[in-house]
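The next block holds one structure in the form of structure tokens; read it before the comments.
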Amino acid sequence: MHSFDQMDANLDLEDNAEFIAALDIGTSKLTISIGQVVNGKLRCLMGTVDAATKGVEQGRITNVQEVARSLRSLLEDVEAILGFQVGEVHVGISDPSIAVHLNSAMVPVTDHVTRQDIIAVHRAAEAIPLQPYEAILHVLPIRYYVDKKVVAAPEGQRSVRLDVDAKIVTIPRSSIDSVQRVCAEVGLIPVEIIFTPLATALAVTNPRSAFLGTIVMDMGAGTTDVTVHEGNKITYFDVVPAGGDYITGDLAQGLHCLTHEAESIKLKHGCANPMYLGEEPEPIAELQQAGFSRWEITYHDVAAIMGARIDEILTMVMSRMEQAEVEIKDHFEVILTGGTSQMSQMRRYVEEVFQLRTAIGIPNVPQGEFDLARNPQYASSVGLLMFANQEQVRVETPVEAAQTATTSKTSVFSKFKLIFSGLFD
Ligand SMILES: Nc1ncnc2c1ncn2[C@@H]1O[C@H](COP(=O)(O)OP(=O)(O)OP(=O)(O)O)[C@@H](O)[C@H]1O
Ligand SMILES: [Mg+2]
């Protein structure tokens, strides 16, 4: 199903192993993770490699050529470092312009509910009035009904009808088009496009925490992706269009310096809030020695600017959750991931703001061989690999078959994924 040319004969591989690749299109970097699948199960991570990119802003591709250039160099690195030539990829994007529609659908059933009936009812749920610029990305089942009774797993149940309530996630066609163009430029086939926030949580939560309640917050460069799980369901997801770049940009303005200088100050001397610093403002000696500015810059100055932006991002996250009437309970845990989660005192600050136990989310891959991937910056990439490996089937409607015929193999709509691993709310 997935075409990789294995280059390195020394890798310890099982005979019936397949490989899947996930490409995470982030605002600051593109990441490819490769996983080995044995008997349909993701057995291990072969590796994670990234390449910096310009050309993505707040999770959206704004310069196809620029992203294609970074992707070309990333593919060379993947080949050199991991020994794989990637042909097909599962691509993750966290575009803030997604929309969610609710819909219900019904199909008649003969005898028992089959896999095909479930596919058919998902298909039927896709029939919603769309704007000309919108395309459907995912159909997320909220509830199935077999003969009008709610069931968690309808397959095999004896019945005459199957109903579903579902969330239909749509995205601007232009965003899909950009992904396809970037992939076409470098000869990759995007077999599927995934809304990244749905995947990230897979890498940083476990069934217990997802059952009890978690808020996964992936604070990246351009976006802060949020997903809430409870009872092993995703009850809420959102993309807030602000992340580390926003903090850096404001720091550059406040300190009258260049963006890359502000980025370096943020990484080296930054703090999530000035309250964690001593009472007395202390000058940053390194900047003074470098003659960085005509006036003295203190750790407090830096933390005050950064803290204001962090407050703004966290307020946006919380007010959007409030607006959506998401119920957050006292025992929920916040799992903070993404590059910005690594900022000094960030975990502690989020814990104080949310008044919830907070941990840093590191991708759940075995310690030792894959230490490089055990970094919050790669949570979404590893999560995409896990999501990509979920049960899926290929079906084509006549329209899509025609589309595929005219647009070669790059139609992402030729694959339909049944998301069985959890219901949504
Ligand atoms: N130690 C650190 N302290 C503060 N910020 C950090 C640290 N390390 C990385 N960052 C910030 O994390 C951001 C990059 O995070 P990440 O790699 O998760 O983003 P991305 O996936 O490219 O973007 P996005 O998911 O927003 O589209 C940058 O803004 C960077 O400045
Ligand atoms: Mg990211």
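Across the chain, the mean sequence separation of Cα contacts (distance under 8 Å, 6 or more residues apart), normalised by length, yields a relative contact order of 17 percent. The distance linking the stretch 80-99 with the stretch 287-341 is 28 Å (Cα centroid to Cα centroid, whole angstrom). Helical runs (DSSP H, four residues minimum) scored at -39500 (n - 2.57) apiece and divided by the length of the chain put the mean residue ellipticity at 222 nm at -9500 deg cm²/dmol. Within the full protein context, the accessible area of ILE360 is estimated at about 60 Å² for a probe radius of 1.4 Å. Once Rg and the Kirkwood radius are both taken over the C-alpha atoms of the stretch 65-216, their ratio Rg/Rh works out to 1.06. At a probe radius of 1.4 angstrom, the accessible area of the stretch 239-359 per residue rounds to 53 square angstrom. For ALA262, the shell of other residues with beta-carbons less than 13 Å away shows a net charge of -2, using +1 for Lys and Arg and -1 for Asp and Glu. Geometric descriptor of the chain, per residue, is 159 Å³ (volume of the convex hull of the Cα atoms).
Across the cross-link table entries LYS41/LYS268; LYS29/LYS268; LYS54/LYS233, which are compared at the Cα atoms, the separations over 30 Å belong to LYS41/LYS268; LYS54/LYS233.
For the chain, the carbon plus sulfur part of the accessible surface works out to 49%, probe radius 1.4 Å.
The values are calculated or read from the model by the stated rules, or taken from the named source; none is laboratory data. Only a predicted model underlies this, so the values are computations on that prediction, with no experimental measurement involved. In this analysis, Cβ positions are derived from the backbone assuming ideal geometry, glycine residues included, and neighbour counts consider all displayed protein chains. Surface accessibility is based on the protein's heavy atoms, side chains included, excluding ligands, DNA and RNA. Shrake-Rupley method; radii C 1.70, N 1.55, O 1.52, S 1.80 Å.
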